[in-house]
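Step one of this worksheet: look at the structure below.
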Amino acid sequence: ETGVTQTPRHLVMGMTNKKSLKCEQHLGHNAMYWYKQSAKKPLELMFVYSLEERVENNSVPSRFSPECPNSSHLFLHLHTLQPEDSALYLCASSQVEDASDTQYFGPGTRLTVL
Amino acid sequence: GDSVTQMEGPVTLSEEAFLTINCTYTATGYPSLFWYVQYPGEGLQLLLKATKADDKGSNKGFEATYRKETTSFHLEKGSVQVSDSAVYFCALARPGGSQGNLIFGKGTKLSVKP
């Protein structure tokens, strides 16, 4: 499946580094999402962009900074992360007009913070 | 509030066994219901969905029926294969049209032995 792509697939960074995760959707959707998946925890919604405007920010620490330059691209900028931020970060997209609210996910970026 | 409860795993089956993974939900209105599957090292893939009561979603031999009276959406497959080993997530989309409104269960890990 290549509808939603994410790069890099794996990332190891120190706590003082700055890095960015990239997501691109090729489905013509107009809403995009960042989720965090940690071991033993339910999937956590982090950010939502609908029609390129941020519509939800679920109390995510400011060391995570999203950016949505257009409806096809979504970034998650990372700086001064903590080891507990190590997780799988998933991007998803959907069509605002889709009454079923179906979201399509990318393969994820496995982040390890040392 | 709205929630999804699915049976805790792990579930271990022999190849060709019958699979049932229970999922019940709590929601106001008429949510869309989904099953997503996550294979090792990958992101979530939409497996099937149903958008109204008595709808049956099906894909790759998996089925689930939207039961309003029992608020359930149990996943079934008549004969599992080793390749079905994965984590399965039940989810609902809260009605109301807002983005970012998917609620996930905690996931059920399925292991199929040859």
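For segment A:77-111, a drop of 30 Å² or more in accessible area on going from the chain alone to the assembled protein chains (1.4 Å probe) is found at A:Ser100, A:Asp101, A:Thr102, A:Gln103, A:Phe105. Take B:Asp55: with every protein chain present and a 1.4 Å probe, its accessible area is about 40 Å². Here the extension length gained between B:Thr28 and B:Arg67 equals 12.6 nm, from 0.36 nm per residue of separation less the Cα-Cα distance.
Basic side chains Lys and Arg get +1 at the Cβ, acidic Asp and Glu get -1 at the Cβ, and with that the dipole of chain B about its Cα centre reaches some 200 debye. Listed cross-link partners B:Lys56/B:Lys77; B:Lys77/B:Lys109; A:Lys36/B:Lys106; A:Lys41/B:Lys106; A:Lys40/B:Lys60 are compared with a 18 Å cut-off, the Cα-Cα value being larger for A:Lys40/B:Lys60. Here the Karplus curve 6.51 cos²θ - 1.76 cosθ + 1.60, taken at θ = phi - 60°, turns the phi angles of segment B:67-76 into couplings of 10, 5, 5, 10, 6, 9, 8, 6, 8, 9 Hz, with x standing for Gly and Pro. Of the residues B:Ser83, B:Ser58, B:Ser32, the one that moves most in a GNM of chain B with alpha-carbon contacts below 10 Å is B:Ser83.
Overall size of chain B from C-alpha positions, given as principal axis extents largest first: 44, 28, 22 Å.
With all protein chains kept in place, the per residue accessible area of segment A:15-114 amounts to 46 square angstrom at a probe of 1.4 angstrom. Shape call for chain A from the C-alpha gyration tensor, a ≥ b ≥ c root eigenvalues: rounded (a/c under 1.5), prolate (a/b greater than b/c) or oblate? Since a/c reaches 1.5 and a/b is larger than b/c, the shape of chain A is classed as prolate.
Taking only the alpha carbons of segment A:49-114, we obtain Rg and Dmax values of 13.3, 42 Å in that order.
Here B:Lys49 is the anchor, and the aspartates and glutamates within straight C-alpha reach of less than 20 Å, apart from those fewer than 8 places off in the same chain, are A:Glu1, A:Glu97, A:Asp98, A:Asp101, B:Asp2, B:Glu63, B:Glu69, B:Glu76, B:Asp84.
Computed about the Cα centre, the dipole magnitude for the protein assembly as shown is approximately 560 debye when only Lys and Arg (+1) and Asp and Glu (-1) carry charge, each at its Cβ. In loop segments of segment B:11-114 as defined by DSSP, the GluC sites (Glu not before Pro) with at most 13 further C-beta atoms inside 10 Å of their C-beta are B:Glu15, B:Glu16, B:Glu69. From the alpha carbon centroid of segment A:71-114 to that of segment A:20-53 is 4 Å.
Considering only A:Ser62, A:Gln82, A:Asn30, the residue lying farthest towards the positive end of the dipole of chain A is A:Gln82, judged by Cα position with unit charges set on Cβ. When the Cα atoms of the protein assembly as shown are aligned to their principal axes, the ranges along those axes come out at 49, 40, 31 Å in descending order.
On association of chains B and A, roughly 1600 Å² of accessible area becomes buried (total for both chains; probe 1.4 Å).
The values are calculated or read from the model by the stated rules, or taken from the named source; none is laboratory data. Model, not experiment: these values are computed from the prediction. Reconstructed Cβ throughout: ideal geometry from the backbone, glycine too, with neighbour counts over all protein chains shown. Note: areas computed on protein heavy atoms with side chains; ligands, DNA, RNA excluded. Shrake-Rupley method; radii C 1.70, N 1.55, O 1.52, S 1.80 Å.
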